[in-house]
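Asks: My questions will all concern the structure given below.
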Amino acid sequence: MFKGKSLQLHALDEGFVELRFDREGAAINKFDADTLAELRSAAEELAAAKGVKGLLVTSAKAAFIVGADITEFGKSFLQPEAEIAAWGVKTNEIFSRIEDLPFPSVAAVNGLALGGGFEMALSADYRVMATTAKVGFPETKLGIIPGFGGTVRTARLCGADNAIEWIASGAQNKPEKALAIRAVDAVVAPEKVRDAALGLLRQAADGKYDWQARRAQKKGKLQLDAIEAMMVFNTALGFIQGQTKGMYPAPIEAVKVIQKAAGKTRDDAIKVEAAGFAKLAKTTEADALIGLFMNDQLIKKKGKAYVKAGKKVERVAVLGAGIMGGGIAYQNAVTGTPVVMKDIADKQLDLGMNEANKLLSKQVARKKLTADKAGATLSEIRPTLNYGDFKTVDLVIEAVVENPKIKKIVLAEVEGQVKEGTVIASNTSSISIDELAGALKHPENFLGMHFFNPVHRMPLVEVIYGTKTSKAAIATVAAHAASMKKTPIVVKNCPGFLVNRILFPYFAGWSLLLRDGADFVAVDKVMEKFGWPMGPAYLQDVVGIDTSHHVEDVLAVGYPDRMGKTFVSALDVMYEANRYGQKNGVGFYKYEPDKKGKPKKIADPLSYELMAKAQPNGKHDFSPEEVVDRLMLPMIIETVRCLDEQIVETPAEADMGLVYGIGFPPFRGGALKYADTLGMKNILAKCEKYKALGKLYEPTESMKQMDASGKVYFPK
């Protein structure tokens, strides 16, 4: 009946028709302009066809439809808001045309159906879902809301409260949850989805199900009285505001769109959705979050190239147990790689095994793993006091104490215990890879593999190559990091590598601000409002003031012109007072366990007494703008330096390193995306304002050239 490159219409027996999504030459189905045009043509064919009794919507791929092609649609966001809204209304006509066909329709959701993919399924009268499938709306994670009728149909099918939860969270939902809120009508085994959907379609066509009443429900007004509406929408707005702290406008806009459209029928409600979608498409938050998505795609593409080039790691050794070693061992084992974990003391091995066991127990408690699977995973970690099994491993991850002398001794020792070609990686956070490589006979097999704490939660792994590291070793470690479900970013060796090198100028700007009289609690509040998960003082306490003090010393040697200091800093004062942060219960803040046993920060008067030693001119108030500028400018400049020096290959990798490694506010996109948002001319003016503070605020030549040429780090 119709054949396109992304979908086809096939006549079935008994007068039924199958609309099959099957994108030519691709592993997945997604909506782009061409697919939408084909769907419009198919809808017109169906509307004009004679004798059709029902429509079955299927996918020939493992997934149903994964959503819209954001790489294509994102470009359309450059248009004026009114044009974007008009595009949304016109595009929705296609889905409404499917919904309005003069016969029943059933979608067979065989796999992942997200965003526009789930909206396609919602356009059908009924949905049958595979037990292995997931459905949902990820749009708010991109700073937008569903744009193909998702806010309208979900609210009318499932209730406004459920629609708000699904859309605002951006989560992927399992079949049982979808069935519970009536987002789908049946859940069956994957191999039975098509037959079950066709069976349901036959029954609807025979009048056993009132498909017209279902359709009227989706096309009508939202059935809420005034009191119910007030409770649903006001409660949702308050909760989301508390969760997002007003930093992410998309979930709030989703609630407002559903509320504003509640008293309207489908076509008018869709106009409300289109206007809300267009409004969000023009925000800096959507620009940043879509940019992160694109950056992530680039990094995954590079990761696939490393997997092809690298040697598969069948077995790993972790050298050095304890919390970090146990975390690394756990992450390997839980992703399918057996581990030998060595230390020189039973006590440390117990600590490492206990850490792995604790993490597995949490997975069991959350029903992510069965107890049997957790036990089997733990058995894949073999603790040992000797090098007996090291001849069998392909990769050694060294995680001993952060001391170059000790690391060199251990690395030289382990090199003599492994087979030829085994890659050795150090989990150092600051020590030069080239310095450590000096202890080895085969530096080509050595590099850095910097995990962030806690290992099981932090997505980033820095893969740091030295001057003699081979490309094969880089590819092997990057590929293995990806197999551990981490995001590897390859960086060139330098003091601090990428993330710490960029983070510590931020801390240096903070130290200068405190020296000039700022209140550390007030600064924390400003930076948390800016979007950081925690302010700099709190972050220092969490990292560990002793650890931070050590890294600060390393970077001061590496970059004395901007990271060295000639004054007693607040960090020095806390370190000398043995206030190391959460690890010993007191730092800038004092810590006491909350009801769940987690450390809760409390302002400590003694901190203010100690701070007097670091504030020779007493206290001084700063505006929020001054606080943000004095901390963020050094971070932006250092990120540019890393790019200029090719420490990292692309702006995308630099920004993703900050988002994944230190929690840079995602809705601001990373230091370089934030620079684009501010505008280089504005940044240079701010640098000029603070130039008396020294090299830390001195822009690079490349920044001046970018201003002169009008270029940006992320062209639209």
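Read the figures in this text as sums done on the coordinates, not as results from a lab. What you see is a predicted model; the values in this text were computed from it and never measured. With ideal geometry, Cβ positions are generated from the backbone for all residues, glycine too; neighbour counts draw on all protein chains shown.
Asks: Explain nothing, just the number: dipole magnitude of the chain about its Cα centre with +1 on each Lys and Arg Cβ and -1 on each Asp and Glu Cβ, in debye rounded to the nearest 20. Please report the intermediate quantities before stating the final value.
Replies: Working: 94 positive and 85 negative charges, 208 e Å.
That gives the chain a dipole magnitude of about 1000 debye.
Asks: Another question, then. Give, in nm to one decimal, the length gained when the segment between residue 203 and residue 467 is fully stretched (0.36 nm per residue of separation minus the Cα-Cα distance).
Replies: The span from residue 203 to residue 467 would gain 88.1 nm if fully extended.
Asks: Based on DSSP H runs of at least 4 residues, each adding -39500 (n - 2.57), what is the mean residue ellipticity at 222 nm of the chain after dividing by all its residues, to the nearest 500 deg cm²/dmol?
Replies: Working: 31 runs with 370 residues, N = 716.
Result for the chain: -16000 deg cm²/dmol, rounded to the nearest 500.
Asks: Let me ask something additional. Taking 8 Å as the Cα distance limit and 6 or more residues as the minimum spacing, I'd like the relative contact order of the range 2-282 as a percentage. Don't skip to the end; give the middle numbers.
Replies: On the way: 557 pairs, mean separation 53.1, N = 281.
Relative contact order of the range 2-282: 19 percent.
Asks: Could you work out the Kirkwood radius for the range 604-716, taking every pair of different alpha carbons, averaging 1/r and inverting it, reported in Å?
Replies: Answer for the range 604-716: a Kirkwood hydrodynamic radius of 15.6 Å.
Asks: Please state the relative contact order of the chain as a whole percent: Cα pairs under 8 Å, 6+ residues apart? Present the calculation step by step, with values, prior to reporting the outcome.
Replies: Values: 1334 pairs, mean separation 63.7, N = 716.
With pairs under 8 Å counted, the relative contact order is 9 percent.
Asks: Continuing with this model, one more query. At 0.36 nm per residue, minus the direct Cα-Cα distance, what do residue 75 and residue 684 gain on full extension? Give it in nm, one decimal, please.
Replies: 216.4 nm
Asks: Another question, then. Can you give the FRET efficiency for residue 595 and residue 296, using 1/(1 + (r/R0)^6), R0 = 35 Å, r = Cβ-Cβ distance, to the nearest 0.05? Before the final figure, lay out the partial values.
Replies: Working: r = 36 Å, r/R0 = 1.04.
Once rounded, the FRET efficiency stands at 0.45.
Asks: Under a cut-off of 18 Å between alpha-carbon atoms, report the lysines in cross-link reach of residue 5, not counting same-chain residues fewer than 8 places apart.
Replies: Once the sequence-local lysines are set aside, what remains near residue 5 is 30, 61.
Asks: Using 7 Å Cα-to-Cβ label points, what is the residue 716/residue 584 separation (nm, one decimal)?
Replies: 5.4 nm
Asks: Given N residues in the range 500-709, what is Rg(Cα) / (2.2 N^0.38 Å)? Can you show the working numbers first?
Replies: On the way: Rg = 16.9 Å, N = 210, 2.2 N^0.38 = 16.8 Å.
Relative to the rule-of-thumb radius for its length, the range 500-709 sits at 1.01.
Asks: Another question, if that's okay. Which of the listed residues, 489, 586, 512, is farthest toward the dipole's positive end in the chain, when Lys, Arg count +1 and Asp, Glu count -1 at the beta-carbon?
Replies: 489
Asks: If the reach is capped at under 17 angstrom between alpha carbons, list the lysines near residue 590, excluding any in the same chain fewer than eight residues apart.
Replies: Partners within reach: 525, 598, 600, 601.
Asks: So, in nm, how far is label residue 12 from label residue 227 when the simple model puts each one 7 Å beyond its Cα toward the Cβ?
Replies: The two pseudo-label positions are separated by 4.6 nm.
Asks: Moving on to the next point. In angstroms, what radius of gyration and Dmax does the range 2-282 have, counting Cα atoms only?
Replies: 17.8, 56
Asks: Another question about this same structure. Taking the Cα centre of the chain as the origin and placing charges on Cβ (Lys, Arg +1; Asp, Glu -1), which of 334, 669, 120 is farthest toward the positive end of the dipole?
Replies: Value: 120.
Asks: What number results when the radius of gyration of the chain, computed over Cα atoms, is divided by 2.2 N^0.38 Å? Present the calculation step by step, with values, prior to reporting the outcome.
Replies: On the way: Rg = 28.4 Å, N = 716, 2.2 N^0.38 = 26.7 Å.
So the chain has a normalised radius of gyration of 1.06.
Asks: How big is the Rg/Rh ratio for the range 300-436, C-alpha atoms only, Rh by Kirkwood, two decimals? Before the final figure, lay out each step's value.
Replies: Values: Rg = 15.4 Å, Rh = 15.6 Å.
A ratio of 0.98.
Asks: Determine ³J(HN,Hα), in whole Hz, for all residues of the range 322-329 in sequence, where each value follows from phi through the Karplus function 6.51 cos²θ - 1.76 cosθ + 1.60 and θ = phi - 60°; x replaces Gly and Pro.
Replies: For the range 322-329, the Karplus curve yields x, 5, 5, x, x, x, 5, 4 Hz.
Asks: Can you check how the C-alpha radius of gyration of the range 477-604 compares to 2.2 N^0.38 Å, as a plain ratio? It would help to have the intermediate numbers written out before the result.
Replies: Numbers: Rg = 16.2 Å, N = 128, 2.2 N^0.38 = 13.9 Å.
Compactness ratio reported: 1.17.
Asks: May I pose another question? When the chain is fully extended, how far beyond the present Cα-Cα distance does residue 100 get from residue 623, taking 0.36 nm per residue of separation? Provide the component values of the computation, followed by the final result.
Replies: Values: separation 523, 0.36 × 523 = 188.28 nm, distance 5.69 nm.
The span from residue 100 to residue 623 would gain 182.6 nm if fully extended.
Asks: Using alpha carbons only, how many degrees (0 to 90, rounded to 10) separate the axis of helix 624-644 from the longest principal axis of the chain?
Replies: So the inclination is approximately 90 degrees.
Asks: So, one more: For residue 3, list the aspartates and glutamates whose Cα falls under 16 Å from its own Cα; do not include residues on the same chain fewer than 8 positions away.
Replies: Leaving aside aspartates and glutamates fewer than 8 places away in the same chain, those within reach of residue 3 are 18, 22, 24, 34, 38, 44, 45.
Asks: If I fit a long axis through the Cα atoms of helix 651-662 and take the longest principal axis of the Cα atoms of the chain, what angle between them do I get, 0 to 90°, rounded to 10?
Replies: 80 degrees
Asks: As I understand it, the value is the acute angle between the Cα axis of helix 160-169 and the longest principal axis of the Cα atoms of the chain; what does it come to in degrees, rounded to 10?
Replies: That helix lies at roughly 40 degrees to the long axis.
Asks: Which FRET efficiency value, to the nearest 0.05, is calculated for residue 561 and residue 677 with the Förster distance at 30 angstrom and r the Cβ-Cβ distance?
Replies: Step by step, r from the Cβ atoms, then E = 0.60.
Asks: With a Förster radius of 30 Å, plug the Cβ-Cβ distance of residue 382 and residue 62 into 1/(1 + (r/R0)^6) and report the FRET value to the nearest 0.05. Write down the numbers at each step before the final one.
Replies: Details: r = 36 Å, r/R0 = 1.20.
Efficiency, from the Cβ-Cβ distance: 0.25.
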